[in-house]
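Asks: Okay, here's the structure, questions in a sec.
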Amino acid sequence: MVIFIKEIINEHKGFGKQIFKLAKIELVKTYKGSALGPLWAVIKPTFQLFVYWFAFSVGIKAVHEIGVDVGDVTMSFTRFVFMISGLVPWFYISDSINQGAKVIRSHRQFVTKVNFPVSTIMTYTALSRLYIHIMLSAIMYIVLICFGYYPSIYNLQYFFYMPLMFLFFVFLSWSTASMSAFSPDFENALASFMTGMFWLSGVIYNSYDLPAPIDKIMLFNPVNFFVNGYRNCFLYNRPFYDYTLELVIFLVEFAVVFFLGVYNYNRLRKKIPDVL
């Protein structure tokens, strides 16, 4: 296992500059031929945010205020602000899982025709999605400021959650992309699973307010960890270390996903060119 990890690290060290260049090319290629180009990557989720706002705040006459207790203080904020802070990480997570699973199949030319380290494909495609996520995060931050959520020291926790989210889903794609290369059924099953994952995560509701023992079960959902994390640093002004149990559970899952990713990738990578 240690040898395999060293091999993957060496692959990335030798292709560092290429990874960043390919990430930019991937972003441009995705929207090639459109007049607005990569701006569509921001326009599409922005429109989705509007749809969610309209559906939950207007269409079904949802309650406009959500109360969250922080000690003796109750913070109130509109449903739109609550949703945008959960949907911005969800857009990245959803794309990372769906696109990460099919990345080897969609980039088979790098696997079958050239001598290219397959593990870096998952990295540079995830990096191209991260560029979009950072732009959406900047828009979200501006919106929050407009709603009265002014900058605070807790906002810096974004630089803890965002890189952790990037790495977690890169490691996950080492397993999902390798298995999807052998069976498109796995990819389709994963896409179907994502619909349920949206509703089973605290993207549009506060998982901390769920009744016991569901609130504890939700701690095992890594999507929920990142959604809560973004709200902790932008809305609740809570330090990440206040949620020790949630953090410990996630770090265990992080380690499991990493080692499973290394195991599955190295077990299947020599067979992938023949399958494709």
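Asks: Of all residues being β-branched (Val, Ile, Thr) and closer than 24 Å to SER94 by Cβ in the stretch 235-261, which is surrounded by the most Cβ atoms within 10 Å (Cβ to Cβ)? Just the residue, please.
Replies: Among residues in the stretch 235-261 that are β-branched (Val, Ile, Thr) and closer than 24 Å to SER94 by Cβ, the one surrounded by the most Cβ atoms within 10 Å (Cβ to Cβ) is VAL257.
Asks: Still on this structure, I have one more. Taking the options ILE97, ILE142, ILE93, name whichever one is surrounded by 22 or more Cβ atoms within 10 Å (Cβ to Cβ), out of contact with any strand residue (DSSP E or B) (no Cβ under 9 Å at 6 or more places or on another chain) and among the hydrophobic types (A, V, I, L, M, F, W, C).
Replies: ILE93
Asks: Right, another one. Here's a check for you: in the stretch 198-234, which residue that is touching a residue at least 60 places away in the same chain (Cβ under 8 Å) and of a type in the set (A, V, I, L, M, F, W, C) is surrounded by the fewest Cβ atoms within 10 Å (Cβ to Cβ)?
Replies: PHE198
Asks: In this structure, does ILE132 turn out to be under 21 Å from LEU190 (Cα atoms), part of a helix (DSSP H, G or I) and either β-branched (Val, Ile, Thr) or in contact (Cβ under 8 Å) with a residue 24 or more places away in the chain (or both)?
Replies: No, not satisfied.
Asks: Follow-up. Kindly evaluate ILE121 against the criterion of being over 24 Å from ILE272 (Cα atoms), modelled with pLDDT under 90 and of a type outside the set (Ser, Thr, Tyr). Break it down stepwise before answering.
Replies: Values: over 24 Å from ILE272 (Cα atoms): no; modelled with pLDDT under 90: yes; of a type outside the set (Ser, Thr, Tyr): yes.
Against the criterion (over 24 Å from ILE272 (Cα atoms), modelled with pLDDT under 90 and of a type outside the set (Ser, Thr, Tyr)), ILE121 does not qualify.
Asks: Just the residues that are assigned to a helix (DSSP H, G or I) and of a type in the set (Lys, Arg), please, taken from the stretch 225-269.
Replies: Hits for the stretch 225-269 are ARG231, ARG267.
Asks: Report, by residue number, each residue of the stretch 8-38 that is out of contact with any Pro (no Cβ under 9 Å at 6 or more places or on another chain), modelled with pLDDT under 75 and either at positive phi or surrounded by 13 or more Cβ atoms within 10 Å (Cβ to Cβ) (or both).
Replies: Scanning the stretch 8-38 gives GLY33, GLY37, PRO38.
The values are calculated or read from the model by the stated rules, or taken from the named source; none is laboratory data. Values in this document were obtained by computation on a predicted structure and should not be read as measured data. For neighbour counting, all protein chains shown are included, and Cβ atoms are generated from backbone atoms with ideal geometry for every residue, glycine included.
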